[in-house]
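These notes concern the structure reproduced below.
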Protein chains: 2
Amino acid sequence: MSLKVKLNLNILNPISQPNLVRLLLVGFGVVGQSLVKLLLSRSTDLHKLYGVNPRVVACIDSHGSAVSTAGLDLQRLLEAKRLLGSVGGYDRSKPNYELPSLIEKADAEIVVELTPTNIDSGEPGISNIVASLKSGKHVITVNKGPLALAFPSLLELANYNDVKLRFSGTVGGGTPILEFAKRSLKGDNILSFRGILNGTTNYILSKMEQGLEFNDAFNDAKLNGYAEASSLLDIDGFDAAAKLVIMANWIMGMKVTIKDVYRRGIGDINLTDVKRANKAGKAIKLIGKCENRRLCVEPTELSNTDPICVNGTLNAVTFCSQHSGDHTIIGQGAGGSPTASAVLRDLIDIRTALLL
Amino acid sequence: MSLKVKLNLNILNPISQPNLVRLLLVGFGVVGQSLVKLLLSRSTDLHKLYGVNPRVVACIDSHGSAVSTAGLDLQRLLEAKRLLGSVGGYDRSKPNYELPSLIEKADAEIVVELTPTNIDSGEPGISNIVASLKSGKHVITVNKGPLALAFPSLLELANYNDVKLRFSGTVGGGTPILEFAKRSLKGDNILSFRGILNGTTNYILSKMEQGLEFNDAFNDAKLNGYAEASSLLDIDGFDAAAKLVIMANWIMGMKVTIKDVYRRGIGDINLTDVKRANKAGKAIKLIGKCENRRLCVEPTELSNTDPICVNGTLNAVTFCSQHSGDHTIIGQGAGGSPTASAVLRDLIDIRTALLL
């Protein structure tokens, strides 16, 4: 009996669990569900290796919410979403919270913002992030919209409120492009960078190299789940531009938004262009680049021997550094599980920073 | 007058300069001289960005030594080496120290071990590193020999003496392959990795793809400064095997030495093999890999579309991770200035670790 009481006290009293990190998940789509699955499978090694003990105390999607200070049962949360279409079905005896009040009231240290990217207004991401930062909560987001439109002011707001804003998953999905530039190249100066930042357009251009016309390549991408009807954001270069903005702010210390990017998509690339480039040992790629602190996204002919000249849905970035030359990093730029692993990286990063 | 006295006191009293890091350089060849040039050009930004104020208090090469507790004049040190062939000419009024007594007696926190790689005995590197660790000094080395032969015991000795052993520059030159795996992929599990770890053999194989016979390609590499008469260490795969051992110990937590690597070099690759692979859209590369915790270096046929299938003197490694897929990093694998920048990275890393 006394043991049971002690255990219960442990759960309710975070002071006796110094590694406890309480999370509020805002949005519960592919990445959110992948994150919860990762938390389920990795709880032991996260604690053992990084001293982090994450607990999801609240979760909200577009149809409802689930809240438990003691921590939600993650398996049940996934079931509610799968069977009932919303986390609101987790416990129908409890009231449904709304945004932003759940953000303000939730007993969480970190808000994980996972709503869909909106490149026009940034909403609902911007409001969610602002509410979180203002209420003294750290934010991890995989949503490019808010950062593309308002990176400098969001980072300033985070600093003002003395909380962290992290966004590994916004660039490169699970490929740690931002970390590589910030951490692995620590001690060097990055002078410029350029790369393939969008997997959908790279897949389409790769298919065109194989002989498909633009529309057929686009349809092939849709069939294989690499593009959606709404993929004009990819085709027109907005997605690459958003990532470029995030990199420019975070890596180069620039204070820019998507308005500062010269942008041209791949919509006017035809098979003749692609074939002509191919004959010359080159390939047309949608390249985002930061050179002389100017930002540009446009179709560019690359030599086939250029390390960033990769095919399929791969992303690739070359950083030109002052002292140690060019460094290229290549990986899958999207996917639920990889992007969820980027959220975990941010979580460990915030935890480590706070322990410093 | 009082200002001058105060300044002098500052220099002599490290307590009043908490960011001071005193270095002993053992070996003063290409990397050592590049390091000193980097220190000269970057003293301000190293202090500003990383709170590190490095001071070289002693330097020894195969012909002599230079020592100054107040810090050596780095320009004069370079001049002595250039004009007189040894740092022993820096101040002839002072006695010449010998190893290992200089290591034991020098008033330095960090020994930078830069002697040439010897893959048979590991000497003089092993003795220098052991003496440094035993006398309570941190070690930064770019020397693969000691680590290839005795990584587990050297790391144990460092831990036992509560000092750091760092070796960024031993793998990938200035390309932060070890950091990428350890830091940027933090939060994920690396299951296996494979890559091109030796630039000389990659240059030779790339030249063979252009139609040169092995011996002509080897001579071309010598002419261009990418190979030396002693390059059998490269050709026979010892250099790649040494790097593989370092990666396996540091990244995968294995306790292995170069004896644990299955190794086959490129000496028996002929032009016919290369041409046949080329016709099939492939290229023969000397690949080092760690799969199922088994280590192997051997010529391998890669698809031309494999991200690690890079040409010239480039190095490239793909890490296969459990949660975020494959990640590839590509960069120059050698060079004085890039390797010196890796030493600086280690210096910042040790400094940061000690402040934790």
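Can you tell me which residue is nearest to A:Thr339 (Cα to Cα) among those in the stretch B:326-350 that are more than 8 Å from every other protein chain (Cβ to nearest Cβ) and among the β-branched types (Val, Ile, Thr)?
Here the answer is B:Ile350.
So which pairs qualify, if the first residue must be in the stretch A:53-73 and without any contact (Cβ under 8 Å) to a residue 40 or more places away in the chain, the second must be buried (at least 23 other Cβ atoms within 10 Å of the Cβ) and small (Gly, Ala, Ser), the Cβ gap must be under 6 Å, and the two must be at least 6 apart or on different chains?
A:Cys59/A:Ala66; A:Val67/A:Ala58; A:Leu72/A:Ala66
Which condition breaks for A:Asn219 when tested against (1) away from every other protein chain (no Cβ under 14 Å); (2) in contact (Cβ under 8 Å) with a residue 12 or more places away in the chain?
So the condition that A:Asn219 fails would be (2).
Which condition does B:Ser303 not pass, out of (1) farther than 22 Å from B:Ala148 by Cβ; (2) surrounded by 18 or more Cβ atoms within 10 Å (Cβ to Cβ); (3) touching a Cys at 6+ places or on another chain (Cβ under 8 Å), if it passes all the others?
Single failed check for B:Ser303: (2).
Would it be correct to say that B:Thr141 is on the phi < 0 side of the Ramachandran plot and either in contact with a Pro (Cβ under 6 Å, 6 or more places away or on another chain) or modelled with pLDDT under 95 (or both)? Show your work before the answer.
On the way: on the phi < 0 side of the Ramachandran plot: yes; either in contact with a Pro (Cβ under 6 Å, 6 or more places away or on another chain) or modelled with pLDDT under 95 (or both): no.
So B:Thr141 fails the test.
Return the total of residues in the stretch B:316-340 being outside any loop (DSSP other than H, G, I, E, B) and under 26 Å from A:Arg345 (Cα atoms).
Count: 13.
If you go through the stretch B:189-242, how many residues are aromatic (Phe, Trp, Tyr), in contact with a Phe, Trp or Tyr (Cβ under 9 Å, 6 or more places away or on another chain) and over 19 Å from B:Val297 (Cα atoms)?
Looking only at the stretch B:189-242, we keep the residues that are aromatic (Phe, Trp, Tyr), and these are B:193, B:203, B:214, B:218, B:226, B:238.
Filter once more, so that each one left must be in contact with a Phe, Trp or Tyr (Cβ under 9 Å, 6 or more places away or on another chain): B:193, B:203, B:226.
Of the ones still in play, those that are also over 19 Å from B:Val297 (Cα atoms) are B:226.
Going through the stretch B:189-242 one residue at a time, the tally reaches 1.
Does A:Ser206 qualify as being among the polar types (S, T, N, Q), part of a helix (DSSP H, G or I), under 20 Å from A:Gly265 (Cβ atoms) and more than 18 Å from the chain's Cα centre (by Cα)?
yes
Looking only at the stretch B:161-203, how many residues end up being within 28 Å of A:Leu35 (Cβ to Cβ) and either hydrophobic (A, V, I, L, M, F, W, C) or more than 13 Å from the chain's Cα centre (by Cα) (or both)?
Residues that pass the stated criteria total 14.
More than 30 Å from A:His323 (Cα to Cα), assigned to a loop (DSSP other than H, G, I, E, B) and out of contact with any strand residue (DSSP E or B) (no Cβ under 7 Å at 6 or more places or on another chain): does that describe A:Gly211? Spell out the reasoning first.
Numbers: more than 30 Å from A:His323 (Cα to Cα): yes; assigned to a loop (DSSP other than H, G, I, E, B): yes; out of contact with any strand residue (DSSP E or B) (no Cβ under 7 Å at 6 or more places or on another chain): yes.
So A:Gly211 fits the description; yes.
Going by the structure shown, is B:Gly253 on the phi > 0 side of the Ramachandran plot, outside the structural domain of B:Thr115 (by TED's automatic domain parsing) and in contact with a Leu (Cβ under 8 Å, 6 or more places away or on another chain)?
Working: on the phi > 0 side of the Ramachandran plot: yes; outside the structural domain of B:Thr115 (by TED's automatic domain parsing): yes; in contact with a Leu (Cβ under 8 Å, 6 or more places away or on another chain): no.
Considered against the rule, which asks whether it is on the phi > 0 side of the Ramachandran plot, outside the structural domain of B:Thr115 (by TED's automatic domain parsing) and in contact with a Leu (Cβ under 8 Å, 6 or more places away or on another chain), B:Gly253 comes out as no.
From the list A:Ala158, A:Ala217, A:Ala221, which one is under 20 Å from the mean Cα position of the chain (by Cα) and small (Gly, Ala, Ser)? Break it down stepwise before answering.
Working: A:Ala217 fails: under 20 Å from the mean Cα position of the chain (by Cα); A:Ala221 fails: under 20 Å from the mean Cα position of the chain (by Cα).
So the residue among A:Ala158, A:Ala217, A:Ala221 that is under 20 Å from the mean Cα position of the chain (by Cα) and small (Gly, Ala, Ser) is A:Ala158.
Looking at (1) surrounded by fewer than 15 Cβ atoms within 10 Å (Cβ to Cβ); (2) in contact with a strand residue (DSSP E or B) (Cβ under 8 Å, 6 or more places away or on another chain), which is the only condition A:Gln75 fails?
Looking at each condition in turn, A:Gln75 falls short on (2).
Checking A:Lys81 against (1) within 20 Å of A:Thr141 (Cα to Cα); (2) touching a helix residue (DSSP H, G or I) at 6+ places or on another chain (Cβ under 7 Å), only one condition comes out false. Which one?
Only one criterion is unmet by A:Lys81, namely (1).
Quick grid of which residues meet (1) out of contact with any strand residue (DSSP E or B) (no Cβ under 6 Å at 6 or more places or on another chain); (2) more than 30 Å from A:Ile330 (Cβ to Cβ); (3) modelled with pLDDT of 95 or more; (4) among the polar types (S, T, N, Q):
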| position | (1), (2), (3), (4) |
| --- | --- |
| A:Glu113 | no, no, yes, no |
| A:Pro124 | yes, yes, yes, no |
| A:Ala131 | yes, yes, yes, no |
| A:Gly145 | yes, no, yes, no |
| A:Leu165 | no, no, yes, no |
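For the stretch A:158-184: of the residues being in a helix (DSSP H, G or I) and away from chain B (no Cβ under 13 Å), which is farthest from A:Ala316 (Cα to Cα)? Write out each step before concluding.
Quick first cut of the stretch A:158-184, residues in a helix (DSSP H, G or I) only: A:158-160, A:168-170, A:177-184.
Narrowing the set further to residues that are away from chain B (no Cβ under 13 Å) leaves A:158-160, A:170.
Numbers: A:Ala158: 29, A:Asn159: 31, A:Tyr160: 34, A:Thr170: 14 Å.
That would be A:Tyr160.
Given the criteria surrounded by fewer than 24 Cβ atoms within 10 Å (Cβ to Cβ), at pLDDT 95 or above and either touching a Lys or Arg at 6+ places or on another chain (Cβ under 7 Å) or under 30 Å from A:Lys275 (Cα atoms) (or both), does A:Leu212 qualify?
Working: surrounded by fewer than 24 Cβ atoms within 10 Å (Cβ to Cβ): yes; at pLDDT 95 or above: yes; either touching a Lys or Arg at 6+ places or on another chain (Cβ under 7 Å) or under 30 Å from A:Lys275 (Cα atoms) (or both): yes.
Here the answer is yes, as A:Leu212 does meet what is asked.
Could you check, for the stretch B:297-315, whether at least one of its residues is under 16 Å from B:Pro176 (Cβ atoms) and not in a loop (DSSP other than H, G, I, E, B)?
Narrowing the stretch B:297-315 to residues under 16 Å from B:Pro176 (Cβ atoms): B:314-315.
From what's left, not in a loop (DSSP other than H, G, I, E, B): B:314-315.
Yes, the stretch B:297-315 contains a residue that is under 16 Å from B:Pro176 (Cβ atoms) and not in a loop (DSSP other than H, G, I, E, B).
Checking B:Ile103 against (1) under 19 Å from B:Val31 (Cβ atoms); (2) surrounded by 18 or more Cβ atoms within 10 Å (Cβ to Cβ); (3) among the hydrophobic types (A, V, I, L, M, F, W, C); (4) out of contact with any Ser or Thr (no Cβ under 6 Å at 6 or more places or on another chain), which test does it fail?
Evaluating B:Ile103 over (1) under 19 Å from B:Val31 (Cβ atoms); (2) surrounded by 18 or more Cβ atoms within 10 Å (Cβ to Cβ); (3) among the hydrophobic types (A, V, I, L, M, F, W, C); (4) out of contact with any Ser or Thr (no Cβ under 6 Å at 6 or more places or on another chain) leaves (4) as the failure.
Among (1) within 14 Å of chain A (Cβ to nearest Cβ); (2) more than 27 Å from B:Gly136 (Cα to Cα); (3) of a type outside the set (A, V, I, L, M, F, W, C), which single condition is B:Gly89 missing?
Among (1) within 14 Å of chain A (Cβ to nearest Cβ); (2) more than 27 Å from B:Gly136 (Cα to Cα); (3) of a type outside the set (A, V, I, L, M, F, W, C), B:Gly89 violates only (1).
Is the stretch A:311-318 home to any residue that is within 11 Å of chain B (Cβ to nearest Cβ), more than 21 Å from the chain's Cα centre (by Cα) and small (Gly, Ala, Ser)?
So the first thing to find is which residues in the stretch A:311-318 are within 11 Å of chain B (Cβ to nearest Cβ), and the list is A:311-318.
Narrowing further to those that are more than 21 Å from the chain's Cα centre (by Cα): A:311.
Those left that are additionally small (Gly, Ala, Ser): none.
Scanning the stretch A:311-318, I find no residue that is within 11 Å of chain B (Cβ to nearest Cβ), more than 21 Å from the chain's Cα centre (by Cα) and small (Gly, Ala, Ser), so the answer is no.
Name every residue in the stretch A:158-205 that is within 30 Å of B:Arg42 (Cα to Cα) and acidic (Asp, Glu), in order of residue number.
Selection gives A:Glu179, A:Asp188.
State all residues of the stretch A:138-150 that are part of a loop (DSSP other than H, G, I, E, B) and of a type in the set (A, V, I, L, M); if no residue qualifies, say none. Walk me through it before giving the result.
Let us first name the residues in the stretch A:138-150 that are part of a loop (DSSP other than H, G, I, E, B), namely A:142-143.
Once the filter is applied, which keeps residues that are part of a loop (DSSP other than H, G, I, E, B) and of a type in the set (A, V, I, L, M), the stretch A:138-150 yields only A:Val142.
Quick one: which of B:Ile129, B:Ile119 is surrounded by 13 or more Cβ atoms within 10 Å (Cβ to Cβ) and either without any contact (Cβ under 8 Å) to a residue 12 or more places away in the chain or in contact with a Pro (Cβ under 6 Å, 6 or more places away or on another chain) (or both)?
On the way: B:Ile119 fails: either without any contact (Cβ under 8 Å) to a residue 12 or more places away in the chain or in contact with a Pro (Cβ under 6 Å, 6 or more places away or on another chain) (or both).
So the residue among B:Ile129, B:Ile119 that is surrounded by 13 or more Cβ atoms within 10 Å (Cβ to Cβ) and either without any contact (Cβ under 8 Å) to a residue 12 or more places away in the chain or in contact with a Pro (Cβ under 6 Å, 6 or more places away or on another chain) (or both) is B:Ile129.
Every residue, every condition in (1) assigned to a strand (DSSP E or B); (2) among the charged types (D, E, K, R); (3) touching a Cys at 6+ places or on another chain (Cβ under 6 Å); (4) farther than 22 Å from B:Ala242 by Cβ, yes or no:
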position: B:Ala66; (1), (2), (3), (4): yes, no, yes, yes
position: B:Leu78; (1), (2), (3), (4): no, no, no, yes
position: B:Glu104; (1), (2), (3), (4): no, yes, no, yes
position: B:Val112; (1), (2), (3), (4): yes, no, no, no
position: B:Ile119; (1), (2), (3), (4): no, no, no, no
position: B:Val130; (1), (2), (3), (4): no, no, no, no
position: B:Pro152; (1), (2), (3), (4): no, no, no, no
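The conditions are (1) more than 14 Å from chain A (Cβ to nearest Cβ); (2) part of a loop (DSSP other than H, G, I, E, B), and B:Gly187 fails exactly one of them. Which is it?
Tallying (1) more than 14 Å from chain A (Cβ to nearest Cβ); (2) part of a loop (DSSP other than H, G, I, E, B), B:Gly187 fails exactly one: (1).
Yes/no per residue for (1) among the hydroxyl-bearing types (Ser, Thr, Tyr); (2) touching a residue at least 12 places away in the same chain (Cβ under 8 Å):
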position: B:Asp268; (1), (2): no, no
position: B:Arg293; (1), (2): no, yes
position: B:Leu302; (1), (2): no, yes
position: B:Gln322; (1), (2): no, yes
position: B:Gly325; (1), (2): no, no
position: B:Ala340; (1), (2): no, yes
position: B:Thr352; (1), (2): yes, yes
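The values are calculated or read from the model by the stated rules, or taken from the named source; none is laboratory data. Since this is a predicted model, take the numbers as computed values, not measurements. Backbone-built Cβ (ideal geometry, glycine too); neighbour counts: all protein chains shown.
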